[in-house]
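Encoded as structure tokens, the structure appears first; notes follow it.
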Amino acid sequence: MKPSFGLGQFPKDFLLCLGASLSAYSCISVFFLFPLVLELKGYEPLAIGTAWIIFEFVLLGTRGWVNHWLSVRGSRTGMILGSLALAAGVGLLSVGPSYPMILLGRSLMGVGWGLFSIANTLHQARVLPTRLIGRGFGLSGLAPLLPQLGLIPLAEWTVRRGSPGLLFALSLSGCLFAVVFSWRLTPAKPGPISHVPLGECLQESWAKPPLRALLLSGSLFALSAAGFMPYVANAAMEWGIAGSSFLLPEALSAFVARLALGGWVDRYGKRLLVPYFGCIALGAMISMIGGTTASFVVGGLLHGIGMGMVYPLLYSLLSRASDERSRTALFTLFGTFIDLLWAIAPLAAAALAQLVGFGAVLRVSAILIAGIVLTMRWRVWPFLD
């Protein structure tokens, strides 16, 4: 009998998506260190936050175009074009430009990632058999974790020593490999175009309590990372510890959870929401309020277990709730709810850090996440059926 995570049971296109996603995330994951690069170059917290957040604003601003493009051109073309745009942005940042050029490079990255990320998850949802949806998204969720395990500690070490070249080299290589994997995907078969505008999809989804609960859960999932992860390395430096003491165990525990427990998503479904969002909240509280290497390790392990399981769980529930007519628009809308938090939370954190420092801000973020999890437990998740 094949193990539950054996690759032989998955379609070829899913495996190519997995390779493309892993390659692209090699770029996105190490860019969690980009705020540290800017800080070491002497930029103020608000300037750092603006450079980070313009990525999200551009990504959000192109969502309507992404929805239309994917409806007309298909997910394969979207993955190729998205990878190329991402590579162009990294290439621009790597030449050591002025601040306006930094904003332009981050904007190009936002366009590319916005297109690639939706196209990639959409293609996976379309090619995965129903019985493998949870396991499949569990495996695809390894893509952002492997770079954290293998690349971020090394990249952080080189950045702290004033040599960010490795960060840019890893990022650019990942983008180019993503192009290669995406090119090998099966082209979409010609057929009738089903395009649902995002506004119409939002109205239809918000009127249905189960879909509304999924959209809000996606926002909470995003806040659980966006509320502090971009500035973990900055806060750790204030406390005299290494940010990788949180990021490494967080990635390791999430990796193990997604690899070994992805099948639980297909078996238990929505019943996993409360325990694993609870792990996220507890991990954030322990790590950020403790502010020590030990608390970073323990909190990172708990946070990683929660994030590791919530990712495949939400995408599994979303895949089962969508049909062929609405799938592109619903996946784009779900991604928009996630990215909206990625736009708001880091900018708000950077603005507050200008006054009180990153450490104090991340402690408040951890408390906020815990409060929202409790609210969702009683006011939102009971509506999931």
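Remarks
- Members of the range 254-271 that are crowded, with 22+ Cβ neighbours inside 10 Å and either among the small types (G, A, S) or within 20 Å of A213 (Cβ to Cβ) (or both): A254, A257, G262, V265
- Residues in the range 145-160 that are within 17 Å of the chain's Cα centre (by Cα) and either in a helix (DSSP H, G or I) or surrounded by 23 or more Cβ atoms within 10 Å (Cβ to Cβ) (or both): L145, L146, P147, Q148, L149, I152.
- Taking the range 177-295 as the region of interest, the helices (runs of 4 or more DSSP H) fully inside it that hold 2 or more residues being in contact (Cβ under 8 Å) with a residue 12 or more places away in the chain and within 23 Å of A20 (Cβ to Cβ) are 209-226, 244-268.
- Search result, residues across the range 62-109 that are charged (D, E, K, R) and within 22 Å of G19 (Cβ to Cβ): R73, R76
- Conditions (1) surrounded by fewer than 22 Cβ atoms within 10 Å (Cβ to Cβ); (2) touching a Lys or Arg at 6+ places or on another chain (Cβ under 7 Å); number of the one not met by G89: (1)
- A353 being of a type in the set (A, V, I, L, M), under 14 Å from A222 (Cβ atoms) and crowded, with 20+ Cβ neighbours inside 10 Å: no
- Looking across the range 132-169, just one residue is among the charged types (D, E, K, R) and free of Cβ contacts under 8 Å to residues at least 40 places away in the same chain, and that is R161.
- In this structure, L115 does not satisfy being buried (at least 22 other Cβ atoms within 10 Å of the Cβ) and at pLDDT below 90.
- Residue in the range 288-301 that is on the phi < 0 side of the Ramachandran plot, touching a Phe, Trp or Tyr at 6+ places or on another chain (Cβ under 6 Å), of a type outside the set (S, T, Y) and surrounded by 24 or more Cβ atoms within 10 Å (Cβ to Cβ) present: yes
- Residues that are β-branched (V, I, T) and within 24 Å of F116 (Cβ to Cβ), drawn from the range 280-334: V310, T328, T332
- Summed over the range 30-76, the residues that are within 15 Å of F116 (Cα to Cα), touching a Lys or Arg at 6+ places or on another chain (Cβ under 9 Å) and either without any contact (Cβ under 8 Å) to a residue 24 or more places away in the chain or aromatic (F, W, Y) (or both) give a count of 1.
The values are calculated or read from the model by the stated rules, or taken from the named source; none is laboratory data. These numbers come from a predicted model, not from an experiment. We place every Cβ from the backbone using ideal geometry, glycine too, and count neighbours over all the protein chains shown.
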